[in-house]
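The values are calculated or read from the model by the stated rules, or taken from the named source; none is laboratory data. On a predicted model such as this, the values are computed, not experimentally measured, just so you know. Neighbour counts run over all protein chains shown; Cβ positions are idealised from the backbone, glycine included. To get the accessible areas, we keep the full protein, side chains included, count just its heavy atoms, and leave off ligands, DNA and RNA. Shrake-Rupley method; radii C 1.70, N 1.55, O 1.52, S 1.80 Å.
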Amino acid sequence: MIQDDVRTPPDADPAGLTHLWERLARVELRVRDAVAARRATDPDPGDPYRGQYLTPEGAELILRAPAAFFPGPVDGEDGDLPAPGSRLRRLADDFGLLPLDVELLLVALAPDVDARFEALYGYLNDDLTRRRPTTGLALGLCGVPVAGPGRFRLATTAPLVSGGLLEITEPERPLLSRTLRVPDRVGAHLLGDDEPDARLAGLVGKGAGSPMPYEGTVLRVAAAATTGSGPVHLRDRGGDAARVAVDALTAVGRRPLVVDVAALTTDSGMAGVPSVLATEARLCGGGIVVGPLEALEPERPERARWLRDLCGVAAGVPLITYGTKNWDPLWSRHSPVPFTVGPPTTGRRAAQWHRALTEATGAVPTVTVPNAGAVTTATGTAVTGPGAGAPADDELGAAVATYRLDAEQVRKAAAVAVRTAAAERRPVGPQDLRAAVRAQNGAGLERLARRIEPAVGWDDLVLPGPTHRQLGELALRARHRDQVLGQWRMRPGGGRGRGVIALFAGESGTGKTMSAEVVAAELGMELYVVDLSTVVDKYIGETEKNLERIFVEASEVNGVLLFDEADAIFGKRSEVKDAHDRHANVESAYLLQRMESFDGIAILTTNLRANLDEAFTRRLDVIAEFPMPDARQRLALWDRCLGSELPRDDSLDLAFCADRFELAGGSIRACAVTAAYLAAEAGRPLGMAQVVSAVLREYRKLGRLVLESEFGPWLKSEESLAASVPG
């Protein structure tokens, strides 16, 4: 696991600073010789206008001052590579520097280490305003003819300049008069500082590898990333590609530099980042992680150019990209080594959650980790006591089995769950995890569908046994789909997704929508009811576009998608007689294909199953029939709908209502609400008169005949009650 470097005491020399001082002392000797030569040939040291220059006497005083960096003797010969193990040697090896390159770098670095060199370089440049070495001066100090091949070591394609170790400023001047400057980050690195370049602040973070042993995929990615000069691309198919990339670099001893793609908000802010990033990776012996690529929008020309520049300047640096898209050859001249990162197994998902919950407890003083004794939090508070920072493994696995989150969402959800439990000073429970997961759902789908937070459970349903079992099968399919379709590879080919699709068929009011809400509650998800007004469009092709937006947004949230009255858009294909028929068939064909590739959970409800295209039936995982309730179920529905708070008269005969009035559950609820209003107006407990009156109104609303044989003696009572109601 990558950790921040620990600062060493002054007497330690981990960066080989002693060797750096020695090499800079050699530079000083050459500067002294150059100053002496200038003094010997100075035509008029008494020039009255030389006040704007450094006089030879002034230079002599500077030379008599003690050295700022190395007071000891100078050993060794010029023209050799730095000592093995020093930072200067590692820099030369990593950037492919020749001995002349190292000397040029040291000449340019000297003013950043010892301020005396500013005045001395100004004297040698014959211009005190130019206090850094020029190209000609640097070559002369290194004993290289300015017209020889050594000058090409300062070309833009040479390692010093292309690697970002040396900047040549003032391009408008002749080559020999241009100024050399070492970037602050390079100088700080040679002096032992490992903090990232300030120009990358807010754009790059240091990723931490996984504490668990690395698996085959990680090791293969690591081998590919450190072999050759091209990138590696991870296609995320429901796994944690970002963590795989970080783990792969950590496994081979590379520090991961993770680019925050979201921080690259403006095209102007992206300029110069690739070269700075590549230099930083070489300095710290790291690798670069970029993703997700879809957030970078590489299909835009300027973003593709940024990615292409990064691949170019990062040649030789491990570069790993990831995203849900395939790599486009237009993004780089180098073709990447591709890998597919599949979803984690159930066990690894539970371990991922457990690790995230354990890490989250470090910031909350009132939460403890199970079976770990006292925990010292980030605030320094030792915490003990009953409870747990995370549920037991079995309970945790069951609670998160249905959710599909990436690593960042898991970390955020774990933090929310821990804080929620800590606020109430209790252990984290499954209900906290479910609420935290729902908080990660984006708002995109909510703009296209109506969100319902489930408030009902299995006990609220009154359904026949077969329907109950079909609903249970739908829940278990959603809970174990990753294990069955992914781990056990029970999914057929043809680009089919891992979605679960069910059809609820039955007459209006038989509990289809409520059952969908119960299934969503069982899975710990929210229910999103598709609003047909946002889907159906009279213009050709727009309906398919609207549906595609819904499916894409639904795949990004942990929720259940409900198409109520699905026969309106999932209708049968017909014989083509005109353009309208052809367009209608295109819609159905599109839906047939899209439902197969859907990765989420979708429920279709219909009152007219016969109107659905038969091709949809084959693609359905569960078909639940919702028949009209029998007398026993109607009795239970009447009792549930009236509730326990509404006062009831002793004369209330719910068995009579259940036996005589053949109503669906939705109609019974409507009758119960109407009867409650009548009872409230009368100011007395609910009696049969109010219930029968409510049933009569429901009959008339449904267009059903009112038969005296069905209502019995209560029909006349209802008439007298109706006369007493105002209006």
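The table for this structure:
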item	result
In the range 448-550, trypsin sites (Lys or Arg not before Pro) in a DSSP loop with at most 11 other beta-carbon atoms within 10 Å	Arg489, Lys538
The range 610-672, accessible surface, carbon-and-sulfur percent (1.4 angstrom probe)	46 percent
Computed label-point distance, nm, for sites Leu608 and Ser644 using a 7 Å Cα→Cβ extension	4.3 nm
Simple spin-label estimate for Glu446 and Leu191 in nanometres, 7 Å along Cα-Cβ	5.0 nm
FRET efficiency, Arg426 to Glu359 (Cβ-Cβ, R0 30 Å, nearest 0.05)	0.95
Once the Cα gyration tensor of the range 152-222 is diagonalised, semi-axes √(5λ) in Å	37, 16, 11
Additional length obtainable on full extension of the chain from Ala636 to Arg173, 0.36 nm per residue less Cα span	157.3 nm
By average C-beta atoms within 10 angstrom, highest first, the peptides 24-32, 633-641	633-641, 24-32
Share of alpha-carbon pairs per 10 Å distance bin for the range 410-554, given as whole %	10, 28, 37, 22, 4, 0
The range 426-480: Cα Rg divided by the 2.2 N^0.38 Å rule of thumb	1.47
Gyration tensor (alpha-carbon) shape descriptor, the range 283-326, a/c threshold 1.5	oblate
Alpha-carbon centroid distance for the pair the range 330-361 / the range 637-707, whole angstrom	56 Å
Between the range 86-115 and the range 150-195, the alpha-carbon center distance in angstrom	10 Å
Computed over the range 606-727, Kirkwood Rh from alpha-carbon pairs, angstrom	16.0 Å
Convex hull of the range 95-215 built on C-alpha atoms - directionally averaged projected area, nm²	10.6 nm²
Label-to-label distance, nm, for residues given as Ala455 and Ala115 (7 Å Cα→Cβ offset)	7.2 nm
Cα-based shape type of the range 451-521, given that a ≥ b ≥ c are square roots of the gyration tensor eigenvalues and the cut on a/c is 1.5	prolate
Prolate/oblate/rounded call for the range 119-165, Cα gyration tensor, a/c under 1.5 rounded	oblate
Euclidean distance of C-alpha centroids, the range 303-322 and the range 236-261, integer Å	15 Å
Cβ-Cβ FRET estimate between Asp33 and Glu408, R0 fixed at 45 Å, reported to 0.05	0.15
In Å², nearest 10: area of Asp567 left accessible to a 1.4 Å probe	40 Å²
Heavy atoms of Phe339: accessible area, 1.4 Å probe, square angstrom to 10	40 Å²
Chain lengthening between Lys701 and Arg496 when straightened (0.36 nm per residue, less Cα-Cα)	69.3 nm
By average C-beta atoms within 10 angstrom, highest first, the peptides 409-419, 621-631	409-419, 621-631
Two-decimal Rg to Rh for the range 223-331 - Kirkwood Rh, Cα set	0.93
Members of Lys512/Lys701; Lys325/Lys412; Lys325/Lys512; Lys206/Lys545 lying beyond 32 Å, as alpha-carbon distances in this model show	Lys325/Lys512; Lys206/Lys545
